[in-house]
1. First select every other residue whose beta carbon is under 14 angstrom from the beta carbon of Thr135; then total the charges, Lys and Arg +1, Asp and Glu -1.
2. Mind sorting Tyr88, Tyr99 by how few other Cβ atoms lie within 10 Å of their own Cβ, fewest first?
3. Holding the Cα-Cα limit at 30 Å, pick out from Lys248/Lys280; Lys50/Lys280; Lys48/Lys156; Lys3/Lys280; Lys156/Lys275; Lys48/Lys285 the pairs that are longer than that.
4. Which distance in Å, rounded to a whole number, links the C-alpha centroids of region 236-294 and region 52-125?
5. What list do you get for Arg154, Arg40 if you sort them by fewest beta carbons within 10 Å?
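Every number here is computed from the coordinates shown, using simple stated rules; none is lab data. From a predicted model like this one, the values you see are computed outputs, not experimental measurements. Ideal geometry is used to build each Cβ from the backbone, glycine not excepted, and the neighbour counts take in all protein chains shown.
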Amino acid sequence: MVKSMTGFGRCETEINGRAITVELKSVNHRYFEFSCRITRGYGFLEDKLKAFVNARVARGKIDMFVSIGAADDTPCEVTVNHSLVSGYLNAMKEIGDTYGIENDATVVALSRFPDVFTVNKAAVDEEQLTADVLTAAGEALDSFVRMREAEGERMKEDILGRAQTILSIVSEIEARSPQTVEEYENRLLDRIRQTLENLSVEVDEQRVLTEVAVFADKVAVAEETVRLRSHFDQLSVFLSLDQPVGRKIDFIVQEMNREANTIGSKVQDAVLAHKVVDIKSEIEKIREQVQNIE
């Protein structure tokens, strides 16, 4: 299934008494690029989360945000740095005595000074926490992938629609191309006859046929249109594959554009020239879509 490289997914849940929020978003990128912002103290999860996402996402610039709250039943011990408190009190008394200021030190005021309290938490069960976070990440990733798939399906339909438009124009070019040779032959004969009408000289039909053959070879686009159709066959196959195909399709689109340019350089007819412009315009729109395919 074709997937877009842009997507968003979010999961906000509580597992084993711990609030966990995981958010994913992505934009276009040539390769897989992953960055993770996670609650301080849980950096050991980053590599695991990267591998977890990369198992289902091949390309794109992925930004993940993970918030992990404390478990409700986590043992926690708060200790007081008595030597530091004593030092603060002595310093405050000194200020009061020196400048004649009332020493209004309170417990609340002292508690606001840095490092007065030390919070000691029980060691985290990394294995259990990893499982819990990956569970939440899995739900966010499911939503993220569904969004990429839905957008990818819309892109696929648009590309295939434009491909049919191009193939219709190619058919018109193939039908019109032989007519341009015939029209050239008629114009050539008319010019020769006009030039020789007052002279008693016959038209060298063999010479005319040779000239027409050279022109026909010069403006022949059959090879290019056949290759162009082949490229669209490959495009259709790639769009049906259940794997990342963005780079392959991008290469095919480049080849399509090359064939269109060659056809444009060969045609000697204004009608065909306009049709080539239409083809190139549609190929460019396909190329823009392909830039966002995983």
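1. Here the count lands on -4.
2. Ascending Cβ contact count within 10 Å gives the list Tyr99, Tyr88.
3. Checking Cα-Cα distances, Lys50/Lys280; Lys48/Lys156; Lys48/Lys285 exceed 30 Å.
4. If you average the Cα positions of each part, the centres end up 60 Å apart.
5. Least crowded to most crowded, the residues run Arg40, Arg154.
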